[in-house]
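Reading through the structure tokens given below for one structure.
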Amino acid sequence: MKMTAKMRRVFPTAFLIFFLVPVMIPVGEAVWLDVPPTGTKCVSEEIQSNVVVLADYLIISEDHDVMPTISVKVTSPYGNNLHNMENVTHGQFAFTTQESGNYLACFWADAKSHGNKNVSINIDWKTGIAAKDWASIAKKEKIEGVELEIRKLEGAVEAIHENLLYLRNREADMRTMSEKTNSRVAWYSIMSLGVCIAVSGLQVLYLKQYFEKKKLI
């Protein structure tokens, strides 16, 4: 049986949706940090604006009798304090980004609580569609099965589209900045060349006057 033209057009689209899109769906990423007795360790992620961020952190310790404690501080690209906790063993922070850029989460250990030993921390960092509570959404809207998976794919496609727009805007900004930098470098080169020519002319004029005064020429 020959495949019709319409089926040939639909097949690649279906392939992209059901095979490629799930690969590009943002998922929660677990990060392990080994925080030294003194100093700070940070994790960061570049996130665009209006994106939900959800993260859980937990101390992993083999000694259950003495549980070390840590302090946590999360800041936005402009230095705004989004989460700040001290002397805790676990916690969670959630926020919606207000500006695009690198969001930073820093951890440091309470030296008195762990006898100057490294502290291991597990961080489950989720952004965008991965941070959504799909169980609550499915229960609230009474959807399940294929319909729920389609809703997830729809959210993933929207997230990918927004990311592509964000990358395009970033590329345009970088291109504009590069053009401005090139223009400034060109003007600086022209000014430097002009200054060099002017200084050379003044030197020739000075030497000519000097030799004339000494009656050498």
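The values are calculated or read from the model by the stated rules, or taken from the named source; none is laboratory data. Since the structure is predicted, the reported quantities are computational estimates derived from the model, not experimental observations. All Cβ positions, glycine included, derive from the backbone under ideal geometry; neighbour counts span all protein chains shown. Ligands, DNA and RNA are stripped out before the accessible areas are found, and what is left, the full protein with its side chains, is counted by its heavy atoms. Shrake-Rupley method; radii C 1.70, N 1.55, O 1.52, S 1.80 Å.
Worth pointing out:
- Converting phi to 3J(HN,Hα) with the Karplus coefficients 6.51, -1.76 and 1.60 and the offset θ = phi - 60°, the stretch 199-216 yields 5, 5, x, 5, 5, 4, 4, 5, 5, 4, 5, 5, 5, 5, 5, 7, 6, 8 Hz in sequence order, with x at every glycine or proline.
- Here the dipole of the stretch 31-94 is about 280 debye; that uses its Cα centre as origin and unit charges on the Cβ of Lys and Arg (positive) and Asp and Glu (negative).
- Counted charge near Y206, where neighbours are those whose Cβ lies closer than 14 Å (Asp, Glu -1; Lys, Arg +1): +2
- Each peptide among 41-48, 162-169, 66-73 gets the average number of other Cβ atoms lying within 10 Å of its residues, and from highest to lowest they stand as 66-73, 41-48, 162-169.
- Using a Förster distance of 45 Å, the FRET efficiency for L104-I190 (Cβ separation, nearest 0.05): 0.65
- Listed residues W125, W108, W187 arranged by accessible area, highest first, probe 1.4 Å: W187, W108, W125
- Karplus-derived HN-Hα couplings along the stretch 83-94 (A = 6.51, B = -1.76, C = 1.60, θ = phi - 60°), whole Hz, x at Gly and Pro: 7, 8, 9, 10, 6, 10, 9, 7, x, 8, 9, 9
- Here the spin labels are modelled as points 7 Å beyond Cα on the Cα-Cβ line, and at D34 and N80 they lie 3.6 nm apart.
- Across the accessible surface of the stretch 150-195, with the other protein chains kept in place and a 1.4 Å probe, carbon and sulfur atoms take up 64 percent.
- Less than 5 angstrom separates the built amide H of S100 from those of S49, all sequence-distant by 5 or more or on a different chain.
- Solvent-accessible area per residue in the stretch 63-110 equals 55 Å², computed with a 1.4 angstrom probe and all protein chains kept.
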